[in-house]
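The values are calculated or read from the model by the stated rules, or taken from the named source; none is laboratory data. Computed from a prediction, not measured in an experiment: that's the story for all the values here. Cβ placement follows ideal geometry from the backbone for every residue including glycine, while neighbour counts extend to all protein chains displayed. Heavy atoms of the whole protein, side chains included, go into the accessibility calculation; ligands, DNA and RNA do not. Shrake-Rupley method; radii C 1.70, N 1.55, O 1.52, S 1.80 Å.
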Amino acid sequence: GREDIWVVVQSSGINAEYGEFLTFQQYFKRINLRSKMSQAVFEPRMCVWNDLTSEHLDLIYSASNNENTLGVLADICKIDQSDIKQEILLEFYFHTIQFAKSREFNYAQTSALFTIMKNVHNMCAATPYNNNEAVYAYFKQLLVKHSLQRPPYSIGVFTVNQVQAITEYALNTYFRHFSMYKYAFTPKVRVDISLHYDGAPPTPEPVAPEPQEEPAPAEVTEEVAPEEDTPEAEEAETEEMKQLREMIQTVMGNELKTLQGRLEKMISEQDSKISKQVEALEESSGLKGGSKSPGNKKKK
């Protein structure tokens, strides 16, 4: 019959499970379940004055140059600039503030935009699995919650033109480099594949050879004859292990090809959906010709 192939899950993220045996079907179900769980944690809430208060914004806007602005942001957000990840995050926050300045947002609008982009990034970094569609849907929900005056459900912080400008900015900056942010900030997941064959004899553990005393010169000739059978036994054992190894490689190769085909198909479908959505958004925002908002490049 068909042998079962198991996946040993070893994750370096939070709540990692070490040495857990899963079939491929169970593994993909676990991925989908964790992705849904991570999405359920992030619900759109009010973002005004959550991270930046009016006092914080006074300090930011009073900074004389970009270097001072970065220093003020690092102090407010408690960011260690010696860490490369924290430095990337600081650059992301800095460009968000610069965009708000260029659009002449008031303090409430700047505070709301800062927290919206921060929450979007936190959802992106919450899981190493693909959740770009869910993150963009969460971004749109946050914008809607801050563009309609319907208390207590939403508040009219942004105008329609401002919502369109923020959407264009997010598409041209954060979501254009979504994969880069996910690679830099999410924990690495390693999958070790091991094979289990029903009915196959267990592989014997290697045994260290026992130390032998050197024989006397007169007894060397007498002990040579019994040792002639040893190479034959080793050769028979080697042939058996060689056949087992070939069988394992054949089965494993076929299963890995099937798995690779499934993964490539899933990735292709996801990329196609995202491309269609981005094209539709660019058409609705007037970006079909490839126009970009000036001043939105990331600082190097």
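If you scan the range 276-291, which residues turn out to be surrounded by 12 or more Cβ atoms within 10 Å (Cβ to Cβ) and modelled with pLDDT of 65 or more? Listed by number, the residues that qualify are GLN277, VAL278, GLU279, LEU281, GLU282, SER285.
Every residue, every condition in (1) closer than 26 Å to GLY71 by Cβ; (2) more than 17 Å from the chain's Cα centre (by Cα); (3) part of a loop (DSSP other than H, G, I, E, B), yes or no:
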residue	(1), (2), (3)
LEU90	yes, yes, no
TYR129	no, no, yes
TYR138	no, yes, no
THR167	no, yes, no
MET180	yes, no, no
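For the residues ASN132, ASN106, ASN66, the requirement of being within 30 Å of LEU263 (Cβ to Cβ) and either out of contact with any helix residue (DSSP H, G or I) (no Cβ under 6 Å at 6 or more places or on another chain) or among the polar types (S, T, N, Q) (or both) singles out ASN132. For the range 41-56, a residue qualifies if it is in a helix (DSSP H, G or I) and either within 22 Å of ASP75 (Cβ to Cβ) or charged (D, E, K, R) (or both), and the qualifying residues are SER54, GLU55, HIS56.
The set of residues from the range 141-178 being open to solvent by 30 Å² or more (accessible area, probe 1.4 Å), under 21 Å from PHE94 (Cβ atoms) and of a type in the set (S, T, N, Q) comprises just one member, GLN162.
Restricting attention to the range 49-82, which residues are open to solvent by 60 Å² or more (accessible area, probe 1.4 Å) and farther than 20 Å from ASN119 by Cα? Hits for the range 49-82 are GLU55, ASP58, LEU59, TYR61, SER62, SER64, ASN65, ASN66, GLU67, ASN68, GLN81, SER82.
Only residues that are open to solvent by 30 Å² or more (accessible area, probe 1.4 Å) and either within 13 Å of SER179 (Cβ to Cβ) or without any contact (Cβ under 8 Å) to a residue 12 or more places away in the chain (or both) were counted across the range 128-139, and they come to 5. Scanning the range 93-127 for residues that are over 22 Å from ALA74 (Cα atoms), surrounded by fewer than 19 Cβ atoms within 10 Å (Cβ to Cβ) and touching a residue at least 60 places away in the same chain (Cβ under 8 Å) yields one hit, ARG103.
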